[in-house]
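First the structure, in the form of structure tokens, and then the observations on it.
The values are calculated or read from the model by the stated rules, or taken from the named source; none is laboratory data. These figures come from a predicted structure and were not determined experimentally. A quick note on method: Cβ atoms are made from the backbone with ideal geometry, for glycine too, and the neighbour counts reach across all protein chains shown. Please note that ligands, DNA and RNA were not included when accessible areas were found on the heavy atoms of the full protein model with its side chains. Shrake-Rupley method; radii C 1.70, N 1.55, O 1.52, S 1.80 Å.
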Amino acid sequence: DVVMTQSPLSLPVTLGQPASISCRSSQSLVHSDGNTYLNWFQQRPGQSPRRLIYRVSNRDSGVPDRFSGSGSGTDFTLRISRVEAEDVAVYYCMQGTHWPPFTFGPGTKVDIK
Amino acid sequence: EVQLVESGGGLVQPGGSLRLSCAASGFTFSSYWMSWVRQAPGKGLEWVANIKQDGSEKYYVDFVKGRFTISRDNAENSLFLQMNSLRTEDTAVYYCARSRWSKGSLFDDWGQGTLVTVSS
């Protein structure tokens, strides 16, 4: 199974400042079809997960443009350009290239300093 | 508007059974792979099972194989998870989520979840 790791696991940030979360996979996530199936999800307290980014860098509809995804192969990053109060949440990366099973990272908790 | 509404959760004793349902609306259910993903209290997300559009392919994570069965009814726009031989470690919120491989889009919409508690 592909193991997904994230760092940091906890990220206190100042409002208006940038934030960055790293996600690494135990093997390359490049699929034989040429796509890289790496998603990012946001889970606010008490809510269901919400997809923010799919296939590394594609932002979902309605997701603010302060969120961006990048990376390739085994190393990926989610960036928030200027953190807002509504961004307090746990963020998960997930791989969909080598399945079953689909595997998630452990989550990164973002809160305000 | 896409809606996924889970139901069927509750309290069950170890060794017992439960059947979860996910009612879908606002999209062409029969065009999507569907998954169950769970989240134990205070823990992360864990994929459980998925099923192809026509039900011809089903996949499970190792620790539920032989105990859980995923199924769907496209005429009723519904997804199911039959859970047998439940263990305390199966306690979690269970979410249904959809995927469309033809568009390279995985887990784009999720339900609100239903809580399963396995305890004596």
Taking into account only those residues within region B:2-33 that are farther than 20 Å from B:Q53 by Cα and not in a strand (DSSP E or B), which is least open to solvent (accessible area, probe 1.4 Å)? B:G16
Go through region A:61-102 residue by residue and tally those that are part of a strand (DSSP E or B) and open to solvent by less than 20 Å² (accessible area, probe 1.4 Å). 11
Condition broken by A:R55, with the remaining ones in (1) of a type in the set (D, E, K, R); (2) farther than 10 Å from A:N39 by Cα; (3) open to solvent by 50 Å² or more (accessible area, probe 1.4 Å) satisfied: (2)
Limited to region B:64-75, what total is found for residues that are open to solvent by 50 Å² or more (accessible area, probe 1.4 Å) and either without any contact (Cβ under 8 Å) to a residue 24 or more places away in the chain or in a strand (DSSP E or B) (or both)? 5
Of all strands (runs of 3 or more DSSP E) completely enclosed by region A:1-55, which ones contain at least 1 residues that are over 12 Å from A:G105 (Cβ atoms) and more than 10 Å from chain B (Cβ to nearest Cβ)? A:10-13, A:19-25, A:38-43, A:50-54
